[in-house]
1. Could you list, in sequence order, all residues of region 273-283 that are more than 10 Å from ligand 1 (Cβ to nearest atom) and surrounded by 24 or more Cβ atoms within 10 Å (Cβ to Cβ)?
2. Would you say residue 295 is among the β-branched types (Val, Ile, Thr), more than 12 Å from ligand 3 (Cβ to nearest atom) and in a strand (DSSP E or B)?
3. Restricting to region 213-243, name every residue that is open to solvent by 40 Å² or more (accessible area, probe 1.4 Å), free of Cβ contacts under 8 Å to residues at least 60 places away in the same chain and within 16 Å of ligand 1 (Cβ to nearest atom).
4. In region 198-212, what residues are in contact (Cβ under 8 Å) with a residue 60 or more places away in the chain and either more than 18 Å from the chain's Cα centre (by Cα) or open to solvent by 60 Å² or more (accessible area, probe 1.4 Å) (or both)?
5. Quick one: residue 289 ticks every box in (1) out of contact with any strand residue (DSSP E or B) (no Cβ under 9 Å at 6 or more places or on another chain); (2) away from ligand 1 (no atom under 12 Å from the Cβ) bar one, so which box is it?
6. Does at least one position in region 127-144 carry a residue that is in contact with an Asp or Glu (Cβ under 8 Å, 6 or more places away or on another chain) and among the small types (Gly, Ala, Ser)?
7. Considering only residues of region 236-270 that are under 12 Å from residue 282 (Cα atoms) and in a loop (DSSP other than H, G, I, E, B), which is farthest from ligand 2 (Cβ to nearest atom)?
8. Does residue 195 qualify as being open to solvent by 10 Å² or more (accessible area, probe 1.4 Å), more than 21 Å from the chain's Cα centre (by Cα) and away from ligand 3 (no atom under 14 Å from the Cβ)?
Amino acid sequence: MLPLLTMHSKTTLAFISVAPKVSLSRLDELRNRAKFIGRSCKEVKDRYGQAEDGLYYLTTSTGVVYQTFCDMTTAGGGWTLVASVHEDNIYAKCTVGDRWTSQQGNNANWPKGEGNWANRKTFGTVEAATDDDFKNPGYYDIDAEDMSVWHVPNKTPFYHWNLAAIMRYHTERRFLHLYGGNLYYLFHRYPVEYNVGKHLSDNGPSIPIVYDLGDKESTKMFYGPYSGGEIEGGFISFRAINHERAATAICSGVKPKGGNVEHYCIGGGGFFLEGNPLQCGDFTGFAWNGYGTHIGFSTSKQMLESAVLLFYR
Ligand code: KO2
Ligand code: CA
Ligand code: CA
């Protein structure tokens, strides 16, 4: 039996949409997806012809079973959600919730920070991928060629991600072949670590992207006007280093042409020297000139309040 809905007051209903009613045959259909197990959403699509976006069951090469979201429609489909980077509080600098940077402060003696870009630790849940950080075993297990990235407003339920997204794009050049097949291996080659190199000359790769929602110009508009002077839209970049030798993980939608990457690249190592500790956090220095002001180096509010969803195919 499905639980009955209890309506407490009109006010509650106005802000919290009610749980959807679902037929028993639909529940059977969802449960029966367990039959279509694969190592990636691409396998599930190719082997069983599953074409509906939603949650599917996957297994790693060693038999770890998990559930995640599959985008079965964009550019041929078969995209596996492997992670999300979520900023829970831009004012809290490298504290709890900054899983993609450091949760233990801004500290030059802990240069790799959490190290989660290059380990097998997993966290979060797929349904909460826009409410908190998420990382599943696909991140290190799937042998992928391309990436897709969605910027989705925080708190959006998964069945609305595609429509609610403010930017969506994917790569088409099979670049992951060159870097070990996924981000786990890519970040072993390009460690996200303080003091491993110099800005621009030691950055990791920048890969051209194809937009599914947005374009080069709209991408630049999400970042601050000062950032605009040192980025080029139409790329996804990895392990970008800043003027003070802090390492960031991903510059979404852009290629850095300067060294203030802390205002347009996310995730990082355990130490950001400038403004200590203001630039340390999952969304680094996105609020350097105020919260969502889109002044100076501050991003727009939309960017600041959207989670970055990472897919492989
Ligand atoms: C600023 O006023 C400032 O920020 C710069 C940062 C940005 O990442 O490197 C410099 O610290 C500069 O000295 C100054 O503090 O400049 C271009 C204007 C921003 O915030
Ligand atoms: Ca976070
Ligand atoms: Ca700077």
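The values are calculated or read from the model by the stated rules, or taken from the named source; none is laboratory data. Computed from a predicted structure; not experimentally measured. When we count neighbours, we look across all protein chains shown, and the Cβ atoms used for this are built from the backbone with ideal geometry, even at glycine. Heads up: the accessible areas ignore ligands, DNA and RNA and are worked out on the full protein's heavy atoms, side chains in. Shrake-Rupley method; radii C 1.70, N 1.55, O 1.52, S 1.80 Å.
1. 280, 281, 282, 283
2. Details: among the β-branched types (Val, Ile, Thr): yes; more than 12 Å from ligand 3 (Cβ to nearest atom): yes; in a strand (DSSP E or B): no.
No.
3. Residues satisfying the conditions are 229, 243.
4. Within region 198-212, just 199 meets the criteria.
5. Here residue 289 clears every test but (2).
6. no
7. Looking at the filtered set, the residue picked out is 264.
8. The answer is yes for residue 195.
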